Amino acid sequence: MVIGRQQPLTELIAVGEQSSVGARVAWLVGAEGVGKSTLARAAAQRSGLPVHRLDVYPEDRDHPLASLTELALTLGSDPGGELADDPAHALLRALEAAGPCCVVIEDAQWLDEASQLAVWQVVRRFRRLPVWLVVTSTDDTGTLFDGLTLLLRSPDAGQIFP
């Protein structure tokens, strides 16, 4: 992916503009340092939606649900004990309360397995929400990435940007 070309940015923004009719997903996959986060931030900013960003770090992989807790707090929700009991439901409620928005998860390959599972469960259920989810990652595998690969085979669900 070459940052600076208008075509990838235009295509990515087009996916986000459709988020008003239901959840959309854009997954930017590539090697470290190619500009996935730059593209994701530019598209999110141009979407006109409130943007909620989560940066995930390598050490986050060692702390179950830490990333999900931070994402819920970023959305303005304090999930408390509900997060431990039903993480996917807590995140879904936080997204519902946030209203139409763009959620950017950067470096998602570092999400712990419990957070990946909860995000995937929400993505499977949030079609009724006006949410645009932009995920950046390397091509590592995991629950979320395996699920996104299946989901994004349907062009009406979103798009993978290599």
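What the table below lists for this structure:
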| read-out | value |
| --- | --- |
| Cα centroid separation, region 86-102 to region 106-127 (Å) | 12 |
| Cα gyration tensor, region 76-126 - rounded (a/c under 1.5), prolate or oblate | oblate |
| Leading residue at positive end of dipole, region 58-122 (Cβ point charges), from H89, P100, L73 | P100 |
| Assigned charges on the beta-carbon of Lys, Arg, Asp, Glu; region 65-129 dipole about Cα centre (debye) | 440 |
| Projected label distance in nm at D78 and A97, using a 7 Å step from Cα toward the beta-carbon | 1.0 |
| D (Stokes-Einstein, µm²/s), Kirkwood Cα radius, region 48-102, 1.567 mPa s at 4 °C | 111 |
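Read the figures in this text as sums done on the coordinates, not as results from a lab. Please read all numbers here as calculations on a predicted model, not as lab measurements. With ideal geometry, Cβ positions are generated from the backbone for all residues, glycine too; neighbour counts draw on all protein chains shown.
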